[in-house]
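Taking it in order: structure first as structure tokens, then the write-up.
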Amino acid sequence: MQREPFKMELNTSPSIDTLKAAIRADLTAAMKARDGTQASLLRVLLAALDNAEAVPVGTGHDRYVLREFGDPAAEVPRQVLSAETLNAMLARERDEREVAAAEFDRLGRPQDAERLRREAAFVARYIPAAS
């Protein structure tokens, strides 16, 4: 049984947790359907979200400090992404694929261009319609 793909409601912005849950559910459905291409793209989107939440390394991390395993002093909370940041990140992922598709067209590689356009359309499903 194939899961209905995630679609954003008109003019709404998901929280990062809601979006990750939807992507993970879509990833599970893609893996069950043995759709490696879609599963790969969903993994890329999850990684991009995780990277966007990562705390930047500042000058305070110049020296290595040996800590015991499980010492919470080394832990820092993830960044909380605003809806605008989240939508911009997804739009950037979509736009990168569209630009690459245009370049593949220019180079005479229509199959690769079409694949990237399908990926861009797939990523666009996670962007609210107002973006």
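Annotations
- Against the numbered list (1) of a type outside the set (Lys, Arg); (2) touching a Leu at 6+ places or on another chain (Cβ under 6 Å); (3) farther than 21 Å from Gly36 by Cα; (4) buried (at least 17 other Cβ atoms within 10 Å of the Cβ), Ala129 comes up short only at (4).
- Any hit, the stretch 86-104, residues being assigned to a helix (DSSP H, G or I), polar (S, T, N, Q) and without any contact (Cβ under 8 Å) to a residue 12 or more places away in the chain: no
- All positions within the stretch 105-126 that are surrounded by 18 or more Cβ atoms within 10 Å (Cβ to Cβ) and not in a helix (DSSP H, G or I): Tyr126
- Pro77 in contact with a Lys or Arg (Cβ under 9 Å, 6 or more places away or on another chain) and at pLDDT below 85: no
The values are calculated or read from the model by the stated rules, or taken from the named source; none is laboratory data. Predicted model only: the values in this text are computed from it and were never measured. Positions of Cβ are generated from backbone atoms using ideal geometry, with glycine treated the same way; all protein chains shown enter the neighbour counts.
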